[in-house]
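A quick write-up on the structure given underneath.
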Amino acid sequence: MWHSIPLTLFWFTYFGSLGIFYPYFTLYLRENAGLTGTQVGFVLAISPLIGMIAQPLWGQVADRTGARTRVLAILTFGTAFGYLGLGYAQSFWSIMLATSALAVVGTAVFPLMTSVSLAILRDAGRHAFGRVRAWGTVGYFILVLMLPWLLATLPHANQAAGANVSQPALGLMFPLTATLVFISALIACSLPKKGAVGWRAARGDWRELLHNRAFVRFLGFSLLAHFLMHGPMWLLPIFIRARGGDLSSIRNMWILMLIVEIPLVLSTGSGLKRLGARGMLTVGVTVGGLRWILSALISDSNLLFAVQALHGVMVVGLNLGSPLYLDAVAPEKLRSTAQGVLSMVASGLAGILSNLSAGWLVDRSGIDALYLICGIGSLTLGALSFWILAPAQRRIDALPNAVMPSDTLA
């Protein structure tokens with residue numbers, strides 16, 4: 001379908017920007033900005049703290065107005081300027097302030113782009129979302145490859161500014177990220193505005209989610225799963241450096257992780273058919289636990305590198321299984337609100353608790369302890385997942401209370 005083309009381009013460019021930012025931000029904070037492990041934990045925690053308010057709020061705005069694609073474009077433009085501002089911050093408190101400003105809009109982009117995508121691809125078959133989402137991983141993969149190469153080509157880029165700084169020019173990632181996000185915002189302006197993506201919820205409809213037992217139980221599961229995932233994932237660059245790696249090591253590890261992830265994302269439809277969304281979540285959490293335990297116990301660099309191939313299974317199971325499960329158990333007219341609440345719990349509350357405790361634990365017990373504890377916890381949660389999660393069955397709205405978009409809003 002023609003409308004899947006701009007949607008695919010949006011995922012490609014936006015996730016490409018994350019490929020510049022996500023793998024290297026904690027390394028930048030630790031080495032270039034000179035923050036302690038605890039300060040890094042606070043910086044990482046402030047974004048999900050703001051997101052706990054911003055994500056469901058923007059989700060309600062999108063559902064009540066029906067202007068989901070326009071809200072998405074506005075948030076993406078704001079995110080681009082947020083990355084630019086973060087690049088100018090130098091001290092701990094200025095970084096905290098800039099991260100907070102970025103979080104007001106940036107934390108709501110992913111849940112909204114997910115709800116917009118699921119609405120646009122509503123009748124395109126079970127493989128459609130995976131195929132579009134896979135291009136996001138491809139964009140991420142390409143930019144993970146390009147950033148270290150680009151920095152290495154800069155004059156004096158490899159002249160260390162300090163004994164513990166592996167890449168003095170790493171701050172260039174902020175304007176590069178902002179540029180790609182700005183391009184994503186321009187693409188978002190061309191996304192469809194009518195049809196399922198334009199359905200509006202009536203005032204007070206959000207209360208339906210509070211009485212949805214499958215939804216509430218899923219939120220509890222997501223809180224635990226993401227608490228056990230966030231800290232190890234965000235601190236992975238620091239973990240690699242602790243094992244003697246450098247920027248190239250981080251890049252190469254991400255290359256392996258993404259090479260495995262891309263075909264798995266493409267096969268999401270097959271996984272959904274065979275395992276169901278609940279089965280995908282179980283596999284993702286369990287394999288993630290195995291990955292963290294092996295990472296903590298293995299000292300050989302080659303074996304440690306190979307273990308990171310489990311990343312693809314973990315991400316596809318948890319990060320794709322979650323929105324697909326949620327889309328099945330939540331009303332369609334509340335899909336943006338539901339995705340926003342999920343992000344509030346998974347990226348917000350879980351992210352705060354995970355990042356703060358991870359930074360504290362690294363300072364006191366070392367980074368290996370973090371991975372071992374999170375691995376044991378994830379394996380336990382995976383074993384209990386079928387008891388916690390209800391079977392996922394798609395809810396079809398009869399839409400007697402849903403408002404179809406008017407010409408002024410669509």
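Readers should treat all values here as calculations from the given coordinates under stated rules, not as data from a laboratory. Just so it is clear, the model here is predicted, and its values are computed rather than measured. Cβ: placed from backbone, ideal geometry, glycine included. Neighbour counts: every protein chain shown.
Rg over Rh for segment 1-143 works out to 1.01, using Cα positions for both radii and the Kirkwood form for Rh.
How much net charge surrounds Tyr371 when only other residues with a Cβ under 12 Å from its Cβ are counted (Lys, Arg +1; Asp, Glu -1)? Overall, the nearby charge balance is +1.
At a 10 Å Cβ-Cβ cut-off, how would you order Thr38, Thr65, Thr26, fewest neighbours first?
Result, fewest neighbours first: Thr38, Thr65, Thr26.
Highest-first packing order for the peptide set 299-310, 70-81 is 70-81, 299-310, based on the mean count of other beta carbon atoms within 10 Å. Here the spin labels are modelled as points 7 Å beyond Cα on the Cα-Cβ line, and at Leu384 and Ile255 they lie 4.1 nm apart.
Taking the three principal axes of the alpha carbon atoms in segment 338-392, the coordinate ranges are 41, 26, 9 Å, sorted in descending order. Both radii were evaluated on the Cα set of the chain; the Rg over Rh quotient, with Rh as the Kirkwood radius, amounts to 0.95.
Helices of the chain meeting both criteria, an alpha-carbon length of 30 angstrom or more along the long axis and an average Kyte-Doolittle score not below -0.5, with helices taken as full DSSP H segments, are 37-65, 68-88, 128-153, 213-234, 268-297, 367-388. With the helix formula -39500 (n - 2.57) applied to DSSP H stretches of n ≥ 4, the chain reaches a computed 222 nm mean residue ellipticity of -23500 deg cm²/dmol.
The convex hull around the C-alpha trace of segment 286-374, projected and averaged over every direction, spans 6.4 square nanometres. Which stretch or stretches of segment 90-121 have amide N atoms under 18 Å from the point lying 7 Å from Phe81's Cα along the Cα→Cβ direction? Of the residues in segment 90-121, 97-109 have backbone N under 18 Å from the label point off Phe81. Taking each residue as 0.36 nm, the span from Trp93 to Ile298 lengthens on full extension beyond its C-alpha to C-alpha distance by 70.1 nm. May I ask for the Rg/Rh ratio of segment 228-370, computed from Cα atoms with Rh as the Kirkwood radius, given to two decimals? A ratio of 1.00.
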